[in-house]
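Q: My questions will all concern the structure given below.
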Amino acid sequence: MKYVVFLSLALTVFGDPVVKTWTLNELSEAITSSKTDSTIKPHLEDALNQIMLALFTGFKVKSIYALVPSPEGSATWTMNELKEALKDQNTKPELRPAIMQAVEHLDYNNHNGKPMNSIEVSTPALDISIWTLPDLEKAINSSDTNPELVDLLKQALSKWTEKNPSEKNNKIIVVTPVGLVKTQKTEKSSLFKKKP
């Protein structure tokens, strides 16, 4: 299974949850794969549903995107990098629409008197993090935790408590916008790695 990560780290969490960023294509593949652990499938489906809802309704659409670093590893792409990526047969198919859109945007602005040297490229994605109960409770009670994350953690804890009232050792899985959870335990895939 491939995992994708490009995190804009915005918060300190006491515990260190495991965070994996999933693109729209990866979610679709994992949900339909017989090799995917059945305990995580409902969370993958939830993430896919959130992305699709945002794409079709426009509601919270900014919260479902992850930045794709350029081949050089920067946050923005130059026109040359974009054009080279489109020519490169190794460019992931799921990135091509975003790259083409970035080329069109740069071309439009450059031809209309608003020159731009570079542009961000993003793809639909969400983070799925796995927490221990103590770490989740610490993050909820910390004044350092981003308020948006606190709300999502409280919702996850509430749902988990309803289903597991006597459990104290299970892991809690939380779907969040990319980069909302800061952690050292991340897994990267080739989709967001810079080329050698």
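Computed from the coordinates by the stated procedures, all read-outs in this text should not be read as laboratory data. Being a predicted model, the structure only gives us computed values, none of them experimental. With ideal geometry, Cβ positions are generated from the backbone for all residues, glycine too; neighbour counts draw on all protein chains shown.
Q: What would the Debye equation give as log₁₀ I(q)/I(0) for the stretch 35-152 at q = 0.12, 0.19 Å⁻¹, counting only Cα atoms as equal point scatterers?
A: -0.64, -1.10
Q: Enumerate by residue number the GluC sites (Glu not before Pro) in the stretch 61-109 meeting two conditions: DSSP loop (anything except H, G, I, E, B), and at most 13 other Cβ atoms within 10 Å of the site's Cβ.
A: E72
Q: Kindly provide the chymotrypsin sites (Phe, Trp or Tyr not before Pro) of the stretch 13-119 that DSSP labels as loop, not H, G, I, E or B, and whose Cβ sees at most 13 other Cβ atoms within 10 Å. List each step's numbers first, then the result.
A: Details: sites: F14, W22, F56, F59, Y65, W77, Y108; in loops: F14, F59.
Answer in residue order: F59.
Q: Something else now. Counting other beta carbons within 10 Å of each Cβ, put T21, T176 in order, fewest first. Can you show the working numbers first?
A: Working: T21 27, T176 23.
Lowest to highest Cβ neighbour count: T176, T21.
Q: Further, regarding this structure: Two decimals, Cα atoms only, Kirkwood Rh: what is Rg/Rh over the stretch 38-93?
A: Values: Rg = 15.5 Å, Rh = 13.9 Å.
In the stretch 38-93, Rg relative to Rh is 1.12.
Q: Divide, for the stretch 72-120, the radius of gyration over alpha carbons by 2.2 N^0.38 Å, where N is the residue count.
A: Expressed relative to 2.2 N^0.38 Å, the Cα Rg reads 1.12.
Q: For the stretch 113-159, take the convex hull of the Cα atoms, compute a quarter of its surface area, and give me that in nm², please.
A: 5.9
Q: Structure shown: which of K62/K87; K92/K163; K41/K87 lie over 30 Å apart, alpha-carbon to alpha-carbon?
A: Numbers: K62/K87 28 Å; K92/K163 39 Å; K41/K87 35 Å.
Violating the 30 Å limit, Cα to Cα: K92/K163; K41/K87.
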